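To start, the structure itself, in structure tokens.
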């Protein structure tokens, strides 16, 4: 593919290429490419940068993972294509298990996602084939399958790029759910316990950095951080940022094109 | 693919499936799936309905096409996958030629797009293989190729889902460019002469309806419609609609999740 070097959306197009690569390896579903585009749009509305509200959420998310008995990182195709090495590093740093969890589940894709993670240093990947033998109540078809050693018994689940139905179902099971979602209005964003409104290519490296810092912090301080966190306030801040950016863009539009 | 019948985004997911179908037939590029997702997000921000500003633009767009000497409809993979029959009907109604014009041009995909259009009733499809022998100045690589019987000599070009670079290049060639673009802030939207800020699955049927009505209108009235049209005002209205909808969504969010 030839992306002109002076193309104004070059960086975003290069991330696309990474996803298309993942697609060609069977890691990403065609629907995953569409979902990525949806995210691109919200990222554009956020100015393609990490805001304070995302940093705040990422820090509390890491606190949850460090305090958890059974933290699990749920990985779908897009996550595996975009940040495979980072997922493995985060799992190691906070002591979480990694589980494959697909919206459009096929055996081939489960294995492709697991292979991608193993190639990037994962020691164990749950949720593949027979291992995904437990079910989440109230969900339909293949989307309810989880590992009895992973998401089923997890107290804290990180679900980057998750679907609203599953996020809600996990919450009803009493789990703490951490979402990475660029749309602060999505059902996922609203149902999650902690929502990091940021691009996953920035959010996971940020979580790794935070995890390294918070690891040495005493338990009581982490608990205090969690207690004082308000996810609704974070979502409101994200929304305000989008509204402000749209206003900005609309006034610069007037200048460019009077 | 199993989309639960009660899924709140069911309709949008069904359009996705149509695009994935087109992808499997070789009509849609993987990057086209991502671009669709970007559009989905803006459609969501527009409330997934046709607004007055889109109707106004669609009407003037049709007036341009009816008055043109050489109107051409430029068709990419996504357009061919989503509204092939409608493109053919619109071309017939306004007397326009149809030309294949791909961002990621390969001979296979050119032919797949042409085949899709021919299967849906097109009599002739320009821009395939040797026919795309002319070039648009200032554009790179395969993206500059056009038909000497089509876009090259066109006075009015309808470019649904076009790239900003090409829209600008066509404008510099002195052509009237009609874009269908869900993002009122995109370079395409801003560079076009007439921008229909609406989903293509609603916009093209709307244009057909308008074309049938305006066909019998006298030339002077069509010209008057064009003279009194202000594309910047239309883009501002679209932006205002998005801002309003975000404000609405944010207050309903407060109610749902206090």
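A short reminder: the numbers here are calculations on the coordinates, not readings from a lab. What you are looking at is a predicted structure, and each value in this text was computed from that prediction instead of being measured. Note that we place each Cβ from the backbone using ideal geometry, even for glycine, and neighbour counts take in every protein chain shown.
Quick rundown of the values:
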{"item": "Distance from region A:204-250 to region A:10-36 (C-alpha centre basis), Å", "result": "27 Å"}
{"item": "Peptide B:38-49 - average C-beta neighbours from other chains (10 Å radius)", "result": "4"}
{"item": "Spread of Cα-to-Cα distances over 10 Å intervals beginning at zero, given as percent, for region B:1-102", "result": "13, 35, 38, 13, 2"}
{"item": "Cα-only radius of gyration and Dmax that characterise region B:53-116, units Å", "result": "12.8, 38"}
{"item": "Highest to lowest packing among B:45-58, B:220-233, scored as the average C-beta count within 10 Å", "result": "B:45-58, B:220-233"}
{"item": "Percent breakdown of C-alpha pair distances by 10 Å bin, ordered from the shortest bin, for region B:80-206", "result": "13, 45, 38, 3"}
{"item": "Cα-projected label distance for residue A:249 with residue A:201, points at 7 Å along beta-carbon direction, nm", "result": "1.7 nm"}
{"item": "Neighbour-count order for B:99, A:86, fewest beta carbons within 10 angstrom listed first", "result": "A:86, B:99"}
{"item": "Distance in nm between pseudo-label sites at residue A:218 and residue A:85 (7 Å out along the Cβ direction from Cα)", "result": "3.8 nm"}
{"item": "Closest approach to the A/B rotation axis among chain A Cβ atoms, residue and whole-Å value", "result": "A:37, 1"}
{"item": "Å³ per residue enclosed by the Cα convex hull of region B:174-229", "result": "88 Å³"}
{"item": "Hydrodynamic radius of region A:147-189 per Kirkwood, over alpha carbon pairs, in Å", "result": "10.5 Å"}
{"item": "Residue B:24-residue A:107 FRET efficiency (beta carbon distance; Förster radius 25 Å; 0.05 resolution)", "result": "0.85"}
{"item": "By average C-beta atoms within 10 angstrom, highest first, the peptides B:196-205, B:235-244, B:12-21", "result": "B:196-205, B:235-244, B:12-21"}
{"item": "For region B:162-177 and region A:48-83, distance of Cα centres in Å", "result": "42 Å"}
{"item": "Per-bin percent of Cα-Cα distances, the protein assembly as shown [20 Å]", "result": "22, 51, 24, 3"}
{"item": "Alpha carbon convex hull of chain A, projected area averaged over orientations, nm²", "result": "14.4 nm²"}
{"item": "Most mobile listed residue (B:147, B:216, B:74) in chain B, GNM with C-alpha springs under 10 Å", "result": "B:216"}
{"item": "Cβ neighbours within 10 Å from other chains - mean over B:11-17", "result": "2"}
{"item": "Cβ neighbours within 10 Å from other chains - mean over B:26-36", "result": "6"}
